[in-house]
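What follows is calculated from the coordinates using simple rules that are stated; it is not laboratory data. On a predicted model such as this, the values are computed, not experimentally measured, just so you know. Don't worry about glycine lacking a Cβ; one is built from the backbone with ideal geometry, like all the others, and counts go over all protein chains shown.
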Amino acid sequence: MHGGFEPYERDDGILPPGFKAEGNRYCDYLREQGYQSDNPWHDFANSSLGEDGTVHSGWNLRWAREAARVAEEHSETPYMTRRAMDFIVEQGEKPWVLHLSFIKPHWPYVAPAPYHDMYGPQDILPVRRDETERADPHPVYRGFMDYTPSQTFSKEGVRETVIPAYMGLITQIDDHIGRLMQFLKDTGRDKDTLIVFTSDHGDYLGDHWMGEKELFHDTIVKVPLLVIDPRRTADNTRGSECGAMVESIDLLPTFLDALQLPQPQEWLEGQSLLPLLQGQQKSWSKDQVVCENTFAFRDCVRLPIGAPVDRCNMTMVRTREWKYVHVDGLRPMLFDLINDPCEIHDLGASPDHAQVREEMQRRLLDWLFSRRRTTGITPEGIETWNVRELKAGIDIGVW
């Protein structure tokens, strides 16, 4: 249920209107602060109050410019930051690992004051989309463009309403991470704590005529990754940027490496980032990244195609020059990242790019063939397997 984690505090958010939030610690906390409701997460933290006193649900994007009904110090981000500090204090001098996951910025896109109106339409970056993308799209792409969030974000005025609130939520995250960093400094834990800031995905917010997070444009898959390694071995790269291709699966090997713990090669498929942090870029061999997703949960995509739920898989392989997306039972997608960095023109059916598609498919197949097969036994265990059989007197096939 918890994916191997030992939960200290868990706030998944996303409690729909009318849901009776019982046993949820954040909702209990809100009630303690005076926000009386069966579902204070929705009714206060993720809803606003109209001028006529009507409660405006944050699930309706039209109200994104309005301030949440909850005071900023009681909203989700500062609450979870305080809980992280509580955890660190309770550990004392013991070694610890903490995964601090903020639910925001995330729908419902509702920000508390003063973050709700810090930004306006003039602060929004230009949208990345073109009418040609809607002319004859890949069937999966067409299905996702028909998805409700995509239809909404394609309307005039929606981005201008929602994105300023989204930016405010990001600024709130920045401010409270600043509080957490100051806390680590004040307690001296900044000297012995490896800190990694990243995200699980981006958000289309209207780019490519899409909402949500469904496909593989860089808008979605190119996430931030900031690492602070306090040890002297990382001094040479401190404050610098690195252009190496890395993946989220590289984080766990990094943590184990930093703690000098064994790395179970029968399970792990990533690489430790410590060589990059120590300035050893030449030793980094990864020249591609891979992402996987499914459209099995989206009827607007699956049903028009007629795909069974177990054949709705998509796999992306990206190099510096090309992005290739394999889709079960359908033609692939292909983007030229050098000449088309905004990924507007899908070359998945272009006869002039057949050789590129073949090369990218080969890369994907090589990756699939290299995945772990014997996850129940270590490589060392396999190496000594036959020797142990012979020592045990197991003679197979002897005449």
* Find how much the distance from S350 to D190 grows on full extension, using 0.36 nm per residue of separation minus their present alpha carbon separation; answer in nm with one decimal. => 52.4 nm
* To do: Take each of the peptides 206-213, 65-72, 174-181, average the number of other beta-carbon atoms within 10 Å over its residues, and list them starting from the highest.
  => 206-213, 65-72, 174-181
* Rough spin-label spacing in nm, given labels placed 7 Å along Cα→Cβ, for L49 and S199 -> 3.1 nm
* Please work out the C-alpha center-to-center distance from the range 284-318 to the range 350-391 and express it in whole Å. => 20 Å
* Asked: Does the range 265-388 classify as rounded, prolate or oblate by the C-alpha gyration tensor (a ≥ b ≥ c root eigenvalues; a/c under 1.5 gives rounded; else a/b over b/c gives prolate, otherwise oblate)?
  -> oblate
* Rounded, prolate or oblate: which fits the chain, taking a ≥ b ≥ c as square roots of the Cα gyration tensor eigenvalues, rounded meaning a/c under 1.5, else prolate when a/b beats b/c? -> oblate
* To do: Could you go through the range 94-108 in sequence order and give the Karplus-derived ³J(HN,Hα) for each residue, using 6.51 cos²θ - 1.76 cosθ + 1.60 with θ = phi - 60°, rounded to whole Hz, and x for Gly and Pro?
  => 6, x, 8, 10, 10, 9, 9, 10, 8, 6, 9, x, 6, 5, x
* Structure fact -> For the range 141-276, shape from the Cα gyration tensor axes a ≥ b ≥ c, cut at a/c of 1.5 then a/b versus b/c, turns out oblate
* Asked: Per the helix-only calculation at 222 nm, which mean residue ellipticity applies to the chain, given -39500 (n - 2.57) for every DSSP H run of n ≥ 4 and division by its residues, nearest 500 deg cm²/dmol?
  -> -8500 deg cm²/dmol
* Amide H neighbours of L268 under 5 Å, counting only residues 5+ apart in sequence or on other chains, H built in-plane at 1.01 Å? -> none
* Asked: What are the ³J(HN,Hα) values, in whole Hz, obtained from phi via the Karplus relation 6.51 cos²θ - 1.76 cosθ + 1.60 with θ = phi - 60°, for each residue of the range 284-294 in sequence order, with x given for Gly and Pro?
  -> 7, 9, 6, 10, 7, 10, 10, 10, 10, 7, 9
* **Distance from the range 194-261 to the range 119-140 (C-alpha centre basis), Å** => 25 Å
